[in-house]
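To start, the structure itself, in structure tokens.
The values are calculated or read from the model by the stated rules, or taken from the named source; none is laboratory data. All figures in this text were calculated on a predicted structure; none of them were measured in a lab. Backbone-built Cβ (ideal geometry, glycine too); neighbour counts: all protein chains shown. To get the accessible areas, we keep the full protein, side chains included, count just its heavy atoms, and leave off ligands, DNA and RNA. Shrake-Rupley method; radii C 1.70, N 1.55, O 1.52, S 1.80 Å.
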Amino acid sequence: METVIELNGVVAVLGSFPALAGVNLTVQRGEILLLQGPNGAGKTSLLRVCAGLMPIERGTGTILGIDLATNRQDIRTRVGLLGHTNGLYLDLSVEQNIQFWASTVGASKDEVANAMRTMRVDGRLAKVKAGQLSAGQRRRTALASLIVRRAEIWLLDEPHAGLDAAGRDELDALLRNAVAAGATVVLASHESERAASLATRTVTVDGGGAQ
Amino acid sequence: MSTVSQRRRVAVAVARKDLTIEWNSRILVNQVAPFAAIVMVLFAFALDNDGILQRVAPGLVWLATLFSMLVVIQRTFAVESADGALDALRVAGVDPSAIFAGKSLALMVQLFALELLLVGTAVVLYGVNMTLVGFAEALVTLLAATVGLACVGTLYGGLAGGARGRETLLPLLLLPVVAPVLIGATRATEAAFGSGGTKVSEGWPWIVLLLVFAVIFAAVGSVAFGPLVDE
């Protein structure tokens, strides 16, 4: 198994508040790791550190073998973070949104078509503006953009939020498909039972630490 | 680090995306252009007196451009923040200087179209006459001023975009900075229009000033846009 995330005693600070207090974490390629814990426990901060967005103050870490302390910009280009917003342009159609992300990395039209098919936003939906989509359809469009960006690690913050029961089932199936295709998924969720049934491993985050 | 060709590819993608959004939404055509035309008509009502309009037409064109530009810049960053798209670009490690270049390029295209409309309105409403050389000088003035305005507008739009009260903050920040463009472009356009007996040749030094402004803000924007949107 290939280690894609390795954190050793990582400390990260949000303003003057210690968001992560000595986190140790190892994630292997192909895992679906669930981060669970109460509000303010540090789940989102942990995702942002793994995405190369938050600098680490102490400790060491690598993401896909890239040093977190010195090369965060390169990490950003290889992981995908989906937070509470979807990062879509509401006046562009689904296809135009995904095509735009494809253009930023030089992905081909075939890759765009495959991503749209995988996330089931092809066909009639392709021409619909993102602003007219349901919450679940927007989430699927955002996930399709992660695929065309060739993100190797998917960092998802509350991915089930705003989805109905059918949408949640569909999202779970899509994440399993993505992992089968070679991605690694780390998700933070309040919905422990549902997310635990999806995850291959669960880590509890509390007080800025992970166990 | 991204290569020059990667940066160019991203810049073109961002510019194409912004222009596609405009094409899909028609905000420039249906709202900003009529607003600019109405401003010109209101100026005509307010200053309709013994040839004053012909003399002040260049200044009115550029004032209307600046007011309209504020609306266009607000719009171009509103589409980025509506669903966290600019954040997503930043998170994805997309080169900020390429985003700056792409957004500036799209803004240039929109501003240039708007300025052509305003000059046309001045010719029709204010009775401005231009020689062929004057027309060529007016075009060069539009191009030089547009590059500077688009670069500084993108830079300050990015700065104000994440701030509270951004709608009122942007004019406060931007208008003092673009004063040199207003002065230079107005003087160069006066020469192109022949307003108040000015000669076409008197406009070229002002165009050089516009080009210097454009180069400075293109360079500053390329470097500063990333840290500004990161904040």
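Amide hydrogen proximity for A:ALA19: with H placed 1.01 Å from N in the peptide plane, the residues at 5 or more positions away or on another chain lying under 5 Å are A:ALA12, A:VAL13, A:LEU14. Legend: residues A:ASP74, B:ASP83, B:ASP48, sorted from most to least accessible area (1.4 Å probe; ligands, DNA and RNA excluded), read B:ASP48, A:ASP74, B:ASP83. Centre-to-centre separation between the Cα atoms of the stretch B:159-189 and those of the stretch B:81-135: 14 Å. Ordered by 1.4 Å accessible area with all protein chains kept, A:LYS129, B:LYS199 run largest first as B:LYS199, A:LYS129.
For B:ASP230 and B:PHE135, what is the calculated FRET efficiency with R₀ set at 51 Å and r taken between the beta-carbons, to the nearest 0.05?
Numbers: r = 44 Å, r/R0 = 0.86.
E between B:ASP230 and B:PHE135, to the nearest 0.05, is 0.70.
Rolling a 1.4 angstrom probe over the protein assembly as shown with all protein chains present gives an accessible area of which 60% lies on carbon and sulfur atoms. Converting phi to 3J(HN,Hα) with the Karplus coefficients 6.51, -1.76 and 1.60 and the offset θ = phi - 60°, the stretch A:35-48 yields 9, 10, x, x, 4, x, 6, x, 5, 5, 4, 5, 5, 5 Hz in sequence order, with x at every glycine or proline. Remark: chain B carries 44 Å² of accessible area per residue (probe radius 1.4 Å; ligands, DNA and RNA excluded).
Only the Cβ atoms of Lys and Arg (+1) and of Asp and Glu (-1) were treated as charged; on that basis the dipole of the protein assembly as shown about its Cα centre amounts to roughly 520 debye.
In order along the stretch A:164-175, the phi-based Karplus estimate (6.51 cos²θ - 1.76 cosθ + 1.60, θ = phi - 60°) of 3J(HN,Hα) comes to 7, 4, 5, x, 5, 4, 5, 4, 4, 4, 5, 5 Hz; Gly and Pro are listed as x. In the complete set of protein chains, residue-level accessible area for A:HIS190 is approximately 100 Å², probe 1.4 angstrom. Classify the stretch A:1-67 as rounded, prolate or oblate from the Cα gyration tensor: take a ≥ b ≥ c as the square roots of its eigenvalues, call it rounded if a/c is under 1.5, otherwise prolate when a/b beats b/c and oblate if not. In terms of gyration-tensor shape, oblate.
Grouping the Cα pair distances of the stretch A:1-147 into 10 Å bins from zero gives a pair-distance distribution of 11, 34, 30, 22, 4 percent in increasing distance order.
Please express the shape of the stretch B:4-230 as an equivalent ellipsoid: the semi-axes are the square roots of 5 times the eigenvalues of the C-alpha gyration tensor, given largest first in whole angstrom. Numbers along the way, then the final one.
Numbers: eigenvalues 205, 69, 43 Å².
They are 32, 19, 15 Å, listed from largest to smallest.
Could you pull out which residues in the stretch A:59-80 have an amide N less than 18 Å from a spot 7 Å beyond the Cα of A:MET1, following the Cα-Cβ vector? So the set is A:62-65.
Mind putting a number on the dipole of the stretch B:4-230 about its Cα centre? Charges go on the C-beta only, +1 for Lys and Arg and -1 for Asp and Glu, and I need it in Debye to the nearest 20.
Values: 14 positive and 14 negative charges, 90 e Å.
Dipole about the Cα centre, nearest 20: 440 debye.
Is the stretch B:1-139 rounded, prolate or oblate when judged by the Cα gyration tensor, a ≥ b ≥ c being the square roots of its eigenvalues, rounded requiring a/c under 1.5 and prolate requiring a/b larger than b/c? It is prolate, given that a/c is not under 1.5 and a/b is the larger ratio. Using heavy atoms of the protein chains and a probe of 1.4 Å, the accessible area assigned to B:THR76 is about 20 Å².
Can you give me the accessible area per residue for the stretch A:41-180, using a 1.4 Å probe, in Å²? Write out the running numbers ahead of the final one.
Working: 5420 Å² over 140 residues.
Per residue, the stretch A:41-180 has an accessible area of 39 Å².
Pull out a ≥ b ≥ c, the square roots of the eigenvalues of the alpha-carbon gyration tensor of the stretch A:121-179, then state rounded if a/c is under 1.5, prolate if not and a/b is larger than b/c, and oblate in the remaining case.
Details: a/c = 1.70, a/b = 1.18, b/c = 1.45.
Oblate, since a/c reaches 1.5 and b/c is not below a/b.
In chain A, helices alone account for a calculated mean residue ellipticity at 222 nm of -10000 deg cm²/dmol, with every DSSP H run of four or more residues adding -39,500 (n - 2.57).
Taking 8 Å as the Cα distance limit and 6 or more residues as the minimum spacing, I'd like the relative contact order of chain A as a percentage. Reported as a whole number, the value is 31 percent.
Proximity of backbone amide H atoms, modeled 1.01 Å from N, is registered between A:LEU81 and A:LEU155 at under 5 Å, excluding neighbours fewer than 5 places apart on the same chain.
Run the helix sum for chain B: -39,500 (n - 2.57) per DSSP H stretch of 4+ residues, divided by residue count, reported at 222 nm to the nearest 500 deg cm²/dmol.
Working: 9 runs with 189 residues, N = 231.
Using -39500 (n - 2.57) per qualifying helix, the result is -28500 deg cm²/dmol.
For the chain pair B and A, the buried solvent-accessible surface (1.4 Å probe, both sides summed) amounts to about 2100 Å². Comparing each chain alone with all protein chains together (probe 1.4 Å, DNA, RNA and ligands left out), the residues of the stretch B:12-32 losing at least 50 Å² of accessible area are B:LYS17, B:ASN24.
Let me know the charge dipole size of chain A about its Cα centre in debye, to the nearest 20, where only the beta-carbon of Lys, Arg (+1) and Asp, Glu (-1) is charged. If you can, show how the numbers build up before the last one.
Values: 22 positive and 21 negative charges, 92 e Å.
Approximately 440 debye in magnitude.
Taking all protein chains together, A:ARG176, B:ARG164 sort by accessible area into B:ARG164, A:ARG176, largest first [probe 1.4 Å].
For the protein assembly as shown, the tally of Lys pairs with Cα-Cα distances below 27 Å comes to 9, considering only residues 8 or more apart or on different chains. Taking all protein chains together and rolling a 1.4 Å probe, A:PHE17 ends up with roughly 120 Å² accessible.
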